[in-house]
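Undergrad: Below you will find the structure I want to go over with you.
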């Protein structure tokens, strides 16, 4: 059975620049994409672990160039485009994923000639997350053609597939750290193979790739909030999902972190994009 992270002492949260968001809602159907008008996300709402209990944490302590703790982490491996015509091949080599000996996990996309390798690190089958506040302190890379992300998938993916398992994109920085993206994906009620999507995108007001920031998702029955450094930048609920959509976000989910290269969303890699492209994960916290 999947486990929880070991208990560790609480941490002190930091404040940051207030961020603005617009919630865009899209319904995907067999006949095409049906757009629903965007609505504003309230920025006065704050995400905080105050009065919550820390039930697990990962601090990535260990010797440089060793693998992250196998009790918690495993890997998605291989290439083939990953459904988006991406260019990278995911490996579990220390060239692409490792501890740095300073308390961070390194995820690194590398270029060799015209090919790319990277890593996609997951807690699938190791650690499940339920209701509560999940936080990850990360320094993302940026550059044309890069698509780093921290996100979640339903732990039942092997039995029901995607999109029926549900997907929560806590944060995606596509090409640049000045614009953030978060989203949820689920199945339609009439056909679990047809996906729907809601997303929130906006100008960050700073370059999120220039430093560490805390990326958050808070789940309750029938609703969730997504935040950056305590500032809510996405709100989703069963009550506000598109007509015909099915809410599948109340079950156990696992965490995924990766750097994708190229593909349909970021587009081609620029000659000016710096490789290796490095994502540093400082810690993970889970509160209930």
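Undergrad: When segment 167-182 is examined, which residues are found to be on the phi < 0 side of the Ramachandran plot and surrounded by fewer than 21 Cβ atoms within 10 Å (Cβ to Cβ)?
TA: Just the residues of segment 167-182 that are on the phi < 0 side of the Ramachandran plot, to begin with: 167-174, 176-182.
Across segment 167-182, the qualifying residues are 176, 178, 179, 181.
Undergrad: Among the candidates 95, 149, 119, 164, single out the residue that is under 23 Å from residue 209 (Cα atoms) and surrounded by fewer than 21 Cβ atoms within 10 Å (Cβ to Cβ).
TA: Exactly one residue qualifies, and that residue is 95.
Undergrad: Sort out for me the strands (runs of 3 or more DSSP E) sitting completely within segment 128-173 that have 3 or more residues that are in contact with a strand residue (DSSP E or B) (Cβ under 9 Å, 6 or more places away or on another chain) and within 20 Å of residue 265 (Cβ to Cβ).
TA: The qualifying strands (runs of 3 or more DSSP E) are 146-154, 167-172.
Undergrad: Separate question: Scan segment 186-203 residue by residue and report those that are closer than 21 Å to residue 146 by Cα and buried (at least 17 other Cβ atoms within 10 Å of the Cβ).
TA: 199, 200, 201, 202
Undergrad: Find all pairs meeting these conditions: Cβ atoms under 9 angstrom apart; at least six residues apart or on different chains; first residue within segment 100-126 and at positive phi; second residue surrounded by 20 or more Cβ atoms within 10 Å (Cβ to Cβ) and outside any loop (DSSP other than H, G, I, E, B).
TA: 103/283; 125/254
Undergrad: Does segment 64-80 contain at least one residue that is at positive phi and surrounded by 13 or more Cβ atoms within 10 Å (Cβ to Cβ)? Spell out the reasoning first.
TA: Quick first cut of segment 64-80, residues at positive phi only: 65, 78, 80.
Still in the list and also surrounded by 13 or more Cβ atoms within 10 Å (Cβ to Cβ): none.
Checking segment 64-80: not a single residue is at positive phi and surrounded by 13 or more Cβ atoms within 10 Å (Cβ to Cβ).
Undergrad: All but one of (1) buried (at least 17 other Cβ atoms within 10 Å of the Cβ); (2) at pLDDT 95 or above hold for residue 210; which doesn't?
TA: Unmet for residue 210, out of (1) buried (at least 17 other Cβ atoms within 10 Å of the Cβ); (2) at pLDDT 95 or above: (1).
Undergrad: Here's a follow-up. Residues being outside any strand (DSSP E or B) and either within 14 Å of residue 215 (Cβ to Cβ) or in contact (Cβ under 8 Å) with a residue 24 or more places away in the chain (or both): count how many of those fall in segment 268-287.
TA: We begin by selecting, within segment 268-287, every residue outside any strand (DSSP E or B); these are 268-276.
Next cut, either within 14 Å of residue 215 (Cβ to Cβ) or in contact (Cβ under 8 Å) with a residue 24 or more places away in the chain (or both) only: 268-270, 272-276.
Count: 8.
Undergrad: Take segment 107-127 and flag every residue that is in contact with a strand residue (DSSP E or B) (Cβ under 8 Å, 6 or more places away or on another chain) and outside any strand (DSSP E or B).
TA: Result: 119, 123, 124, 125, 126.
The values are calculated or read from the model by the stated rules, or taken from the named source; none is laboratory data. In this text the structure is predicted, and so the values were computed from the model without any measurement. Positions of Cβ are backbone-derived with ideal geometry, glycine not excepted, and every protein chain shown enters the neighbour counts.
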